[in-house]
Amino acid sequence: MLQKRIKVGLLGLGTVGSGVYRILTEGNTTLGEKAGVDLELKGILVRDPKRQRLVDVDASLLTTDPGTILGDEDIDIVVEVMGGEEPARSYIEEALRAGKQVVTANKEVMAKHGAELLQLARERGADLFFEASVAGGIPILRTLQESLAGEEVEAVYGIVNGTTNYILTAMDSKGLDFAEVLAEAQALGYAEADPTADIAGHDATRKLAILASLAFNIQVPLDQVHCAGIEEITAADIEAARELGYVIKLLAIARRDGERVEARVHPAFLPQGHPLAGVDGVYNAVLVEGRAVGTLMFYGAGAGQMPTGSAVVGDLIAAARNLRAGARGNNATGFAREGKIIPMEEVETRYYLRLRVAPEPGVLGTVTGCCGAEGVELASLDVKNWGKDSADLHIRTQRAKEKAFRRLLAALGREPQIYAVESAIPIEGEG
Ligand SMILES: NC(=O)c1ccc[n+]([C@@H]2O[C@H](COP(=O)([O-])OP(=O)(O)OC[C@H]3O[C@@H](n4cnc5c(N)ncnc54)[C@H](OP(=O)(O)O)[C@@H]3O)[C@@H](O)[C@H]2O)c1
């Protein structure tokens, strides 16, 4: 007999949980229609039931005992929106072992344990959906798994961290330095009190690992994703980028090269006309290059209560539909093969370099000599602020392997005429 009513357990009622609750309860009459069943919220796990909530919830639904939800045979779908690695991972595992459908927004758990959890889901004939774990409200993960299932994906890349994008956008528009804008972002609630995971690139690295795992059907070990944050970007870098026709963005890039994949997160110069250059503030965007479909761009809110809640509820409906149709275990794709990740030293990029040098005859020869010796060809060299004590050189290079750039930076560092390498930032989006 077809199930008419599906019971749901929610783990967490913070920012995202409250969005899910609102979408489920605030009069969206078509949800049941779309799911083909009535969805009933049976219990909500929280840490502190006395805490003031963002939504008005019937207190009898709240529990601090995970067993009330995970051990309840009546609950068909568990929605994990607690965050953190543990106990969230264990609760997801327990729910899947009990044959429940699971929806999660947890990038940390999926980036680190996605392969084993999806394997468990397959074994148990259950579904594990995780759309909200990357780029909040943007429907990119199930698009890769379903609509683009026929594609040979060549690359997936974009802006997947709203906090760093807000900071870089504000540095650009207000001409302020990193520390000032970070303090402002914290005051506005766009950056956490401890912003390390965002500004050091770790959050984007997790999202990139998930994107690449679905785009290329591989497992991407997090420690093999190259990661550099935006802490060292200065107002002078932003100014130099603007003068040369670029903007600076924190990019997450995964690109296939035969059997191997490059996976890297770092700030980059992007031409002002590039589709990602206009993605400002807390917005996110992901580009997918497919062999047959060409280039697609997905843009929208990368976080927040309602956009993220929307992605979670979309997954919840997909999980309910599969249950109703007796087609559980349908979605567990991606993360299949062991990924061969190209070491960063082997990756080819172009670079922008800014050097502070001695204003002496021969200094340009020293710089071009170092570049030639390390096999890095110049695309442009501009001399600025030639003064009594120092001069600035702005250099754009042609494409070369990262290991050649590292050797070049070391060589420049040994030259007495080169006072400082003030900036070394990859240039993307120019072929
Ligand atoms: N915030 C966003 O915009 C966003 C966007 C995309 C993805 N995500 C992901 O969504 C997840 C949730 O994020 P959030 O911002 O909603 O977090 P949050 O506001 O901190 O909420 C976490 C909720 O989980 C509960 N909780 C946490 N640990 C618990 C434990 N050990 N036992 C019982 N309850 C526990 C908390 O209970 P109390 O309320 O009682 O403390 C709280 O209700 C994370 O994985 C995050 O990465 C968030």
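The values are calculated or read from the model by the stated rules, or taken from the named source; none is laboratory data. As the structure is a computational prediction, the values presented were derived from the model and not from experiment. Virtual Cβ from ideal backbone geometry, glycine too; neighbours counted across all protein chains shown.
Odds and ends about this structure:
- Hits in the range 293-305 - residues which are under 18 Å from Thr163 (Cβ atoms) and in contact with a helix residue (DSSP H, G or I) (Cβ under 8 Å, 6 or more places away or on another chain): Gly300, Ala301, Gly302, Ala303, Gly304, Gln305
- Only one entry in Ala105, Ala59 is within 8 Å of the ligand (Cβ to nearest atom) and among the aliphatic types (A, V, I, L, M), namely Ala105.
- Residues being of a type outside the set (Phe, Trp, Tyr) and either under 20 Å from Leu287 (Cβ atoms) or within 12 Å of the ligand (Cβ to nearest atom) (or both) - total across the range 113-150: 20
- Test: residue in the range 340-349 that is more than 21 Å from the chain's Cα centre (by Cα) and crowded, with 19+ Cβ neighbours inside 10 Å: no
- Within the range 28-55, considering residues that are surrounded by fewer than 14 Cβ atoms within 10 Å (Cβ to Cβ) and not acidic (Asp, Glu), the one farthest from the ligand (Cβ to nearest atom): Thr29
Listed here are the residues, each with its yes/no results for (1) on the phi > 0 side of the Ramachandran plot; (2) surrounded by fewer than 23 Cβ atoms within 10 Å (Cβ to Cβ); (3) not polar (S, T, N, Q).
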{"residue": "Val57", "(1), (2), (3)": "no, yes, yes"}
{"residue": "Gly71", "(1), (2), (3)": "no, yes, yes"}
{"residue": "Val102", "(1), (2), (3)": "no, no, yes"}
{"residue": "Gly125", "(1), (2), (3)": "yes, yes, yes"}
{"residue": "Leu128", "(1), (2), (3)": "no, no, yes"}
{"residue": "Ala132", "(1), (2), (3)": "no, no, yes"}
{"residue": "Arg142", "(1), (2), (3)": "no, yes, yes"}
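- Annotation: of all residues in the range 65-96 being in contact with a Leu (Cβ under 7 Å, 6 or more places away or on another chain) and not hydrophobic (A, V, I, L, M, F, W, C), the one that is farthest from the ligand (Cβ to nearest atom) is Asp76.
To keep it simple, each residue is scored yes or no on (1) in a strand (DSSP E or B); (2) outside the structural domain of Val160 (by TED's automatic domain parsing); (3) under 30 Å from Gly189 (Cβ atoms).
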| residue | (1), (2), (3) |
| --- | --- |
| Leu276 | no, no, yes |
| Ala285 | yes, no, yes |
| Thr295 | yes, no, no |
| Ile317 | no, yes, yes |
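- Meets criteria (within 13 Å of Gly14 (Cα to Cα), touching a Gly at 6+ places or on another chain (Cβ under 6 Å) and not acidic (Asp, Glu)) for Val81: yes
- Residues in the range 259-318 that are surrounded by fewer than 20 Cβ atoms within 10 Å (Cβ to Cβ) and among the basic types (Lys, Arg): Arg260, Arg291.
- Meeting the requirement of 1 or more residues that are over 23 Å from Pro359 (Cα atoms) and under 26 Å from the mean Cα position of the chain (by Cα), the strands (runs of 3 or more DSSP E) wholly within the range 371-431 are 418-427.
- For Ser423: the one exception among (1) among the small types (Gly, Ala, Ser); (2) out of contact with any Lys or Arg (no Cβ under 7 Å at 6 or more places or on another chain); (3) surrounded by 18 or more Cβ atoms within 10 Å (Cβ to Cβ): (2)
- Among the helices (runs of 4 or more DSSP H) confined to the range 52-169, the ones with at least 3 residues that are at pLDDT below 95 are located at 107-124.
- Checked against the criterion of being within 21 Å of the chain's Cα centre (by Cα), assigned to a loop (DSSP other than H, G, I, E, B), β-branched (Val, Ile, Thr) and at pLDDT 95 or above, the candidates Ile248, Ile253, Ile233 yield just one match: Ile233.
- Listed by first and then second residue, the pairs with beta-carbon distance under 6 Å, at least 6 apart or on different chains, first residue in the range 69-87 and touching a residue at least 12 places away in the same chain (Cβ under 8 Å) and more than 13 Å from Ile44 (Cβ to Cβ), second near the ligand (Cβ under 10 Å from one of its atoms) and among the acidic types (Asp, Glu), are Glu85/Glu108.
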